[in-house]
Amino acid sequence: MAVWPIRKYGDPILRKKAIKIEVIDSALQQVAADMIETMQAAKGIGLAANQIGLPHALCVVDIGLVTEGAAPQAFVNPVIVQESGKATPYEEGCLSIPEINEDVMRKERVLVRYQDLAGAPHEQEYEGMLARVLQHEIDHLNGVFFVDRLSPLKRKLLSKKLKAIAEEAAAEAQERNKNASGVRA
Ligand code: NI
């Protein structure tokens, strides 16, 4: 198991739509285990694969921090089939957008189609915190951030902070490239 660095707002992979996973094998199970470890080390309750730089349609969720008895779970190729209930506001944050927390409107319930790490298909309805986290993570897999769902005014007020995070992301990308070429040399 390993903790991976988390990509930040501004990194191009976070704007890409995830690629459907065709083969569910031990390598994918390893990545999911690493993602759970990375999420827990960062004290997050959800993480999408592009947040650690991988293009696949995989996310992990662990609401154990906010709901007693909840276990971490991986979702392969998750899609929202149906949303229902009232849209309610709740304060969200994101491991890729440090130090910004804002109320986001989301539906109370979602019907999610996904595969588990054994490849079995599921269609399951979620509500409450799990429904919210899944909407947030599935947004990531579509290249969408929670800040995209805020009002234009709110986004404008955050634009300086977001720009600073994007500059950090660019500096980290440069550092990664330097290290990569070092390995080749
Ligand atoms: Ni996030």
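I'm checking my understanding of the structure. Among residues of the stretch 156-184 that are among the polar types (S, T, N, Q) and at pLDDT 90 or above, which one is nearest to Phe145 (Cα to Cα)?
Ser159
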Scan the stretch 58-73 for residues that are touching a helix residue (DSSP H, G or I) at 6+ places or on another chain (Cβ under 8 Å) and either part of a helix (DSSP H, G or I) or open to solvent by less than 10 Å² (accessible area, probe 1.4 Å) (or both) and jot them down. Leu58, Cys59, Val60, Val61, Ile63
Hey, any hits in the stretch 38-56 for a residue that's more than 14 Å from the ligand (Cβ to nearest atom), assigned to a strand (DSSP E or B) and touching a helix residue (DSSP H, G or I) at 6+ places or on another chain (Cβ under 9 Å)? yes
When you check Asp11 against the structure, is it open to solvent by less than 50 Å² (accessible area, probe 1.4 Å), farther than 20 Å from Gly119 by Cβ and among the charged types (D, E, K, R), yes or no? yes
Residues being away from the ligand (no atom under 16 Å from the Cβ), of a type outside the set (Gly, Ala, Ser) and either at pLDDT below 95 or exposed (fewer than 14 other Cβ atoms within 10 Å of the Cβ) (or both) - total across the stretch 76-98: 5
Go through the stretch 108-147 and count every residue that is assigned to a loop (DSSP other than H, G, I, E, B) and either within 16 Å of the ligand (Cβ to nearest atom) or surrounded by 22 or more Cβ atoms within 10 Å (Cβ to Cβ) (or both). 4
Kindly establish whether Val104 is assigned to a helix (DSSP H, G or I), closer than 24 Å to Asp11 by Cα and open to solvent by less than 20 Å² (accessible area, probe 1.4 Å). no
Scanning the stretch 104-130 residue by residue, those closer than 24 Å to Lys154 by Cα and modelled with pLDDT of 95 or more turn out to be Val104, Met105, Arg106, Lys107, Glu108
Flag for Asn101 being more than 11 Å from the ligand (Cβ to nearest atom) and modelled with pLDDT of 95 or more: yes
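The values are calculated or read from the model by the stated rules, or taken from the named source; none is laboratory data. This one's a predicted model, so the numbers in the text were calculated from it and none came from an experiment. For neighbour counting, all protein chains shown are included, and Cβ atoms are generated from backbone atoms with ideal geometry for every residue, glycine included. Side chains included, ligands, DNA and RNA excluded: accessible areas come from the protein's heavy atoms. Shrake-Rupley method; radii C 1.70, N 1.55, O 1.52, S 1.80 Å.
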